[in-house]
Each structure stands twice: as C-alpha cells, then as structure tokens.
1. Specify the residue that is surrounded by the fewest Cβ atoms within 10 Å (Cβ to Cβ); the eligible residues are those in segment 15-54 that are charged (D, E, K, R) and in contact (Cβ under 8 Å) with a residue 24 or more places away in the chain.
2. Thr67 passes all but one of (1) among the polar types (S, T, N, Q); (2) loosely packed, with under 12 Cβ neighbours inside 10 Å; (3) assigned to a helix (DSSP H, G or I); which number fails?
3. Please go through segment 102-114 and give me each residue that is surrounded by fewer than 17 Cβ atoms within 10 Å (Cβ to Cβ) and without any contact (Cβ under 8 Å) to a residue 24 or more places away in the chain, ordered by number.
4. Enumerate the pairs (first residue in segment 75-94 and free of Cβ contacts under 8 Å to residues at least 12 places away in the same chain and under 14 Å from Ala124 (Cα atoms); second residue anywhere and open to solvent by 20 Å² or more (accessible area, probe 1.4 Å) and among the charged types (D, E, K, R)) with beta-carbon separation below 6 Å, excluding pairs fewer than 6 apart on the same chain, so at least 6 apart or on different chains.
5. Determine which member of the set Thr2, Thr58, Thr6 is of a type outside the set (Lys, Arg) and either at pLDDT 95 or above or in contact with a Cys (Cβ under 6 Å, 6 or more places away or on another chain) (or both).
6. Just for segment 70-95: of the residues that are open to solvent by 60 Å² or more (accessible area, probe 1.4 Å) and in contact with a Ser or Thr (Cβ under 9 Å, 6 or more places away or on another chain), which one is nearest to Thr42 (Cα to Cα)?
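The values are calculated or read from the model by the stated rules, or taken from the named source; none is laboratory data. Note that this is a predicted model, so its numbers are computed, not measured. Cβ placement follows ideal geometry from the backbone for every residue including glycine, while neighbour counts extend to all protein chains displayed. To get the accessible areas, we keep the full protein, side chains included, count just its heavy atoms, and leave off ligands, DNA and RNA. Shrake-Rupley method; radii C 1.70, N 1.55, O 1.52, S 1.80 Å.
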Amino acid sequence: MTCKLTHRVAVAIFDSDLSATRLLLAFAEFLWAVMLFWPGETFGRPTYHLLAALAPETVWACAFGITSYLQLHIVLAEKQQTLWAHYFALWNSLLWAYVVGSMLLSVYPPPAAIAGEISLMVAAAWVWVRPMILLHYARLAYGHAQH
C-alpha cells in the first residue's frame, strides 16, 4: 500500500509536464493584473505596504499582465523545455516570492486570505526547481550506467 502510494505521488510530482501548473499561474497572474488595474487604491491597505514601496500599482499590474501572457505563451507554444522558459520560471518564482514575502512582512498576524498566494509561490518555485532536480538525477543515473 505505502509503496503504491509513494509511486503514485512520485509520478504526479516528477512525470508531469507542469502545463497545468503553468496555466494556473498564468490565470492567477492575469487576475492580479486585472485587480491592480481596477479603479481604486488597492495599495492603500497595509498588506501591500512593501509592494507600494517598490513600485506603484500600475507597474505591478503590468508586471503581472506581461508575466501572465508569457506564461501562457510558454504553454501554448509548447516551449516548457527551453532554456528561456527555465529563466522565465526563475523570474516567476522571484516575483511570487517577493509578493508573498512582502505581504507576510507587512502585517501581523499574517492574513489567512493569502494562503492561495503562498501555494502559487510554491508552485512557481517548483516549476523552476524541478528541472534541476531531474537533471541532477539523470546525470547520476548516466554516471552509474557508465561504470
């Protein structure tokens, strides 16, 4: 039972192409862009204090909008395996890490409503890190096969 479960989890984590994860990130980034372009003062709230200190809402909205477009392009053009897509995944991971980190550091206690953003941050980091993990173990396997 445990062996089957472990195998299923490993397949889900390592044998997928992460298209669904990238699509979810693209959708979330699109929604962030829409909400930040929405009329009003979103960054007037304490939760967004550190985001506002770095750039105005419209700059963040553009960053999220462009990121959403590029994320969607990577999936639709089937470019997930390119070096550019890997560098983009690093950018995406840093974007989500800064956004989530700044929201967590701006208010105490942390708002429960950002649980979804924390999940998106982890997903973005996984899209960036997973290829490096797979490459590392592929090199190890190749090295063992040569001996």
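1. Asp17
2. Only one criterion in (1) among the polar types (S, T, N, Q); (2) loosely packed, with under 12 Cβ neighbours inside 10 Å; (3) assigned to a helix (DSSP H, G or I) is unmet by Thr67, namely (2).
3. Tyr108, Pro109, Pro110, Ala112, Ala113
4. Partner pairs satisfying both residue conditions: Ala85/Lys79.
5. Being of a type outside the set (Lys, Arg) and either at pLDDT 95 or above or in contact with a Cys (Cβ under 6 Å, 6 or more places away or on another chain) (or both) holds for just one of Thr2, Thr58, Thr6, which is Thr58.
6. Once the filter is applied, the top-ranked residue is Trp91.
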